[in-house]
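S.K.: Have a look at this one.
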Amino acid sequence: ARKVSDILRCEAVVVDFDGFKALQGMNLTLRQGELRFLIGPNGAGKTTLLDVICGKVKPASGRVLFRGEIDLTRKREHRIAELGIGRKFQAPSIFPSLTVREHLEIAMRQNRSVFATLTARMSSEDEDRMAAQLKMIGLEAKAGRLAGSLSHGEKQWLEIGMMLMQEPDVLLLDEPAAGMTDRETEKTGILLREIARRQSVIVVEHDMEFVRNFASTVTVMHEGRLLAEGSVDEVQNDERVMEVYLGR
Ligand code: ADP
């Protein structure tokens, strides 16, 4: 029987790009409140898997079950987002001439009806959420700053904050700490852990030190399939993983 605590379940997902199978029967189960790192050599299919989950790429076969019953592969990308799957791509997509606070306001209003968006002022509840969100992403002191003046790391956190404003159940992140300083990377890991207290997160990551420091469970992909899964120590000592990474 399927456990209620499974928020997402990818079953035998196959993706065919004009005859090239980027995913060849990938399986992955994500529990509620889990921070999962997805690793594997270039071309393993990690990004493609996130693309399938968020509906950007449609699989040739297989299913992605959300909350045990909703098959996401039959839904459109915008509908999947509405259902509670948030995707963040690697490149920042912020508006340099809007403030940090304005970004979060826009993200919050995207959830509401057009009428509410046009008329509503921020309720005190909205203000509380805004304050909590600014604090969580470490930008409390910079709420009134233009986003263009933020550091690379701060821009990434702002984007994560925008995702969170839409209250997704699952966050899909592609190398969230890429290009960050050591200190920013550390803060990002702490932020991801905090997010995973309530939501479920899948992070595609190449920085193995980051993975070692913050992962509880790691999924290793190779040639479009699940190669190994477990703790960082478990997968690092796995013969097949060593073979794939070191060519042994
Ligand atoms: P990873 O994220 O693990 O590096 P990707 O999911 O980006 O791997 O890619 C898996 C394989 O699929 C790669 O060989 C890549 O070249 C190929 N691929 C990805 N997207 C497309 C596409 N739109 N058309 C054709 N091939 C693609």
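The values are calculated or read from the model by the stated rules, or taken from the named source; none is laboratory data. Treat the numbers as computed from the prediction; the structure is a model and nothing was measured. Counting neighbours? That spans all protein chains shown, and the Cβs are built from the backbone with ideal geometry, glycine included.
S.K.: Read through the list (1) crowded, with 21+ Cβ neighbours inside 10 Å; (2) closer than 27 Å to ILE190 by Cα; (3) small (Gly, Ala, Ser), then give the number of the only condition that SER5 fails.
M.R.: (1)
S.K.: Please specify each residue of region 102-116 satisfying the condition of being polar (S, T, N, Q) and at pLDDT below 60.
M.R.: SER113
S.K.: Only one of these conditions is not met by PHE20: (1) surrounded by 21 or more Cβ atoms within 10 Å (Cβ to Cβ); (2) modelled with pLDDT of 95 or more. Which number is it?
M.R.: Exception for PHE20: condition (1).
S.K.: Would you pick out the residues in region 149-166 that are outside any helix (DSSP H, G or I) and not polar (S, T, N, Q)?
M.R.: LEU150
S.K.: Of everything in region 167-184 that's in contact (Cβ under 8 Å) with a residue 40 or more places away in the chain and assigned to a loop (DSSP other than H, G, I, E, B), which residue is surrounded by the fewest Cβ atoms within 10 Å (Cβ to Cβ)?
M.R.: GLU167
S.K.: Take region 191-228 and flag every residue that is charged (D, E, K, R) and in contact (Cβ under 8 Å) with a residue 24 or more places away in the chain.
M.R.: ARG193, GLU194, ARG197, ARG198, GLU205, ASP207, GLU223, ARG225
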